[in-house]
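Q: Following this message is one structure expressed as structure tokens.
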Amino acid sequence: MRTLIILITALISFGVTAAMGFWLIPLLRKIKFGQTILDIGPVWHKSKQGTPTMGGFLFIAGVLVSVTAGFFAYLLTSPGSGVSNSYGNRLFAGLVLAVACAFIGFVDDYIKVVKKQNLGLNEKQKMIMQLAVCVMYLTAMYIAGDTSTAVMLPFFGSVELGLFYYPLAVLVIVGTINAVNLTDGVDGLCSSVTFVAALGFMIISAILSVFEMQLLAVAAAGAMLGFLVWNFHPAKVFMGDTGSMFLGGLVVALAFGLDLEFLIAMLGIIYFCETLSVMLQVASFKLTGKRIFKMSPIHHHFEMSGWSEVKIVAVFSLVTAIGGALSVWWILSM
């Protein structure tokens, strides 16, 4: 029964996401919710000016509908079958986190598109909102009984952090949300990388027999495939910060829901590299006046080096798959 529900959840997620595009994308065009391409990116991206944005609503709906349907279908068809209240709490706390992150992204997109302020929320405003959401998530997890302050380090084992766990958790959560946001800069990149990462989370959840996180992971994977119908190069819609921040929250929910926070460093290796490239670029320019990369985040460096968007997506997805394989190896060796 679990396998059937997992399959149905994936199909619902894919179907809702893909089908909604026929309605939402024309609506976004009609109300002129088009992307403004800033001068700080590659000049050839100017041809994408006006492409509908906030397409993240497609997969937000796909994930929420499919996870809710899958979870309650399992409860109804398999009473007393072992759905964990603890993991159930983590599942829905994670969904609330992702939706809250999407709201921050929506405010940012709304300011850019409707208010015509190209930079959206400033860094201080965005950080305050993200910290508030992060604290609420960790508080909800604690109240629900998730009081452990130990973390599993890949290939090293469990390390007890005590009170240091919470500032580290805040750093990881906020960093991941923004890292996923940075990855959204090439047609199909963030959705493809997140699809592969979701597959990794799905396999690991199955190995560990955590049905709730497997449900969330397969919903994320199905939604990403549904979104790629519209987002693969040349993109007919962009996810916007609404979508990328939702995905950041989703990645956090999966890793923290499994008590494997540092899976983000392996399954999210591309997110990490995107953020690191920006940090190194800024530090190098401030200290030496020289840039390390032709442009950051790093996907733009490869664009400036002559790589096509499709090649970037393929290579970055392959790197994510390698990180996924290493993650599965780690779990199997525990």
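Q: With Cβ to Cβ distances under 15 Å as the rule, what net charge do the other residues near Leu260 carry (K, R +1; D, E -1)?
A: With Lys, Arg at +1 and Asp, Glu at -1, the neighbours total -3.
Q: Tell me, in nm to one decimal, what length is gained between Met127 and Ile8 on full extension, where the rule is 0.36 nm per residue of separation less the Cα-Cα distance?
A: Computed gain between Met127 and Ile8 is 39.1 nm.
Q: Next up: Would any residue of the stretch 255-272 have its amide N under 11 Å from a label point 7 Å out along Cα→Cβ of Leu168? List them or say none.
A: Residues passing the 11 Å test: 261-262.
Q: Here's a follow-up. Can you give me the Rg/Rh ratio for the stretch 207-334, using Cα atoms for both radii and the Kirkwood formula for Rh? Walk me through the intermediate numbers first.
A: Values: Rg = 16.7 Å, Rh = 16.6 Å.
Ratio of gyration radius to Kirkwood radius for the stretch 207-334: 1.01.
Q: OK, next. Taking the mean number of other Cβ atoms within 10 Å as a proxy for protection, how do you rank 281-290, 253-262 from highest to lowest?
A: Packing proxy ranking, top to bottom: 253-262, 281-290.
Q: Using per-residue counts of other Cβ atoms within 10 Å, averaged over each peptide, order 123-131, 199-207, 17-25 from highest down.
A: 199-207, 17-25, 123-131
Q: Taking 2.2 N^0.38 Å as the expected size of a compact globular protein, what ratio does the Cα radius of gyration of the stretch 2-333 give against it, to two decimals?
A: Rg over 2.2 N^0.38 Å, computed on Cα atoms: 0.96.
Q: How much mean residue ellipticity at 222 nm does the chain get from its helices, if each DSSP H run of length 4 or more adds -39500 (n - 2.57) and you divide by all residues, to the nearest 500 deg cm²/dmol?
A: The helix contribution divided over the chain gives -24000 deg cm²/dmol.
Q: Please give me the summed charge of the neighbours of Ile207: other residues whose Cβ is under 15 Å from its Cβ, Lys and Arg +1, Asp and Glu -1. Before the final figure, lay out the partial values.
A: Numbers: positive: Arg2; negative: Glu212, Asp259.
Surrounding charge for Ile207 is -1.
Q: How many angstrom lie between the Cα centre of the stretch 259-334 and the Cα centre of the stretch 91-109?
A: About 24 Å separates the Cα centre of the stretch 259-334 from the one of the stretch 91-109.
Q: When the dipole is taken about the Cα centre of the stretch 2-333, and only Lys, Arg (+1) and Asp, Glu (-1) are charged at their Cβ, what size is it in debye, to the nearest 20?
A: With Lys and Arg at +1 and Asp and Glu at -1, about 1000 debye.
Q: With θ taken as phi - 60° and the coefficients 6.51, -1.76 and 1.60, list the Karplus ³J(HN,Hα) couplings across the stretch 123-128 in order, rounded to whole Hz; mark glycine and proline as x.
A: Each residue of the stretch 123-128 in turn: 4, 5, 4, 5, 5, 4 Hz.
Q: Note down the net charge around Val96, summing +1 for each Lys or Arg and -1 for each Asp or Glu among other residues with Cβ under 15 Å from its Cβ.
A: Here the charged neighbours net out to -1.
The numbers here are math on the coordinates, done by the rules we state, and not lab data. Note that the coordinates shown come from a computational prediction; the quantities given were computed from them, not determined experimentally. When we count neighbours, we look across all protein chains shown, and the Cβ atoms used for this are built from the backbone with ideal geometry, even at glycine.
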